[in-house]
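The values are calculated or read from the model by the stated rules, or taken from the named source; none is laboratory data. Remember, it's a predicted structure, so these values are computed and weren't measured experimentally. Because the Cβ atoms are built from the backbone with ideal geometry, glycine has one as well, and the counts that use them run over all protein chains shown.
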Amino acid sequence: MKKSITLHFTEFENQDLLPSDWRYLLDCAKGATNHSFAPYSQYLVGCSLELESGEIILGYNQENVAFPSGLCAERVALFKYGTEFSSRISRMAVTARSPLHLTQHPITSCGGCLQVMIEFEKRQKQPIAVLFAGETGVVQIFDSVADLIPFAFHDPDFEK
């Protein structure tokens with residue numbers, strides 16, 4: 001039997017149309033790209049997490065010549081959160097830029113990051129809304145990480 005999945009998200013034609021709270025979170029993620037270390041890919045990625053307490057945590061990609069020893073911006077931010085904070089994550093923004101070309105489409109997380117993101121969502125038993133944007137163009141917001149990875153790997157023994 002063939003089945004299908006329906007994906008729901010909100011799309012904005014451009015960043016100027018975002019509500020101000022989302023725009024601020026995106027601006028924080030954009031600012032984080034200034035600290036990226038990406039000499040190999042030239043792809044500067046930034047992530048910002050907003051906690052229920054209102055705190056903002058930033059992450060930026062860190063490449064390493066001994067690939068795959070680097071870390072994506074999402075995991076940098078989430079692992080920092082895991083070591084220092086207790087307030088739940090309410091939402092996050094991910095963006096990227098490159099000196100080689102203009103990123104005009106939403107920049108989405110890789111599979112490894114999505115798996116880490118879903119684990120944080122499951123642990124806090126509450127959805128994490130996620131915004132994806134490039135430097136310009138359309139912006140997409142998903143209500144939950146679960147919307148992005150419907151077949152996430154899970155450990156049924158851990159979830160008991």
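Structure notes:
- Of all residues in the range 44-56, none that is at pLDDT below 95 has its Cβ atom under 7 Å from the Cβ atom of a residue that is among the polar types (S, T, N, Q), 6 or more apart or on another chain.
- Any strands (runs of 3 or more DSSP E) falling wholly within the range 70-160 and containing at least 1 residues that are basic (K, R): 89-97
- When the residues of the range 46-74 are filtered to those that are surrounded by fewer than 20 Cβ atoms within 10 Å (Cβ to Cβ) and among the β-branched types (V, I, T), the one that is farthest from the chain's Cα centre (by Cα) is V65.
- Flag for Q104 being under 21 Å from A32 (Cα atoms), touching an Asp or Glu at 6+ places or on another chain (Cβ under 8 Å) and at pLDDT below 95: yes
- When the range 83-106 is filtered for residues that are closer than 21 Å to S144 by Cβ and surrounded by 14 or more Cβ atoms within 10 Å (Cβ to Cβ), the ones remaining, listed by number, are F85, R88, I89, S90, R91, M92, A93, V94, T95, P106.
- Criterion (in contact with a His (Cβ under 9 Å, 6 or more places away or on another chain) and aliphatic (A, V, I, L, M)) met by exactly one of V94, V138, V45: V138
- Search result, residues across the range 1-57 that are part of a helix (DSSP H, G or I), among the β-branched types (V, I, T) and within 18 Å of V145 (Cα to Cα): none
- Condition met for S109 (surrounded by 14 or more Cβ atoms within 10 Å (Cβ to Cβ) and either of a type outside the set (A, V, I, L, M, F, W, C) or in contact with a strand residue (DSSP E or B) (Cβ under 8 Å, 6 or more places away or on another chain) (or both)): yes
- Tabulated pairs, the range 83-111, first touching a residue at least 60 places away in the same chain (Cβ under 8 Å), second part of a helix (DSSP H, G or I), C-beta under 6 angstrom, 6+ apart or interchain: A93/L25; A93/L26; A93/A29; T95/A29; T95/K30; R97/T33
- Count of residues meeting criterion [out of contact with any Gly (no Cβ under 6 Å at 6 or more places or on another chain), of a type in the set (G, A, S) and surrounded by 19 or more Cβ atoms within 10 Å (Cβ to Cβ)] in the range 31-45: 2
- Considering the range 122-143, and only residues there that are out of contact with any strand residue (DSSP E or B) (no Cβ under 7 Å at 6 or more places or on another chain) and of a type in the set (S, T, N, Q), the residue that is nearest to N14 (Cα to Cα) turns out to be T136.
- Hey, T95 under 27 Å from P19 (Cβ atoms) and within 9 Å of the chain's Cα centre (by Cα) or not: yes
- Just one of the numbered conditions (1) within 15 Å of the chain's Cα centre (by Cα); (2) closer than 19 Å to E84 by Cα is not true of G31: (2).
- Across the range 8-28, the number of residues qualifying as hydrophobic (A, V, I, L, M, F, W, C), surrounded by fewer than 18 Cβ atoms within 10 Å (Cβ to Cβ) and within 17 Å of the chain's Cα centre (by Cα) comes to 1.
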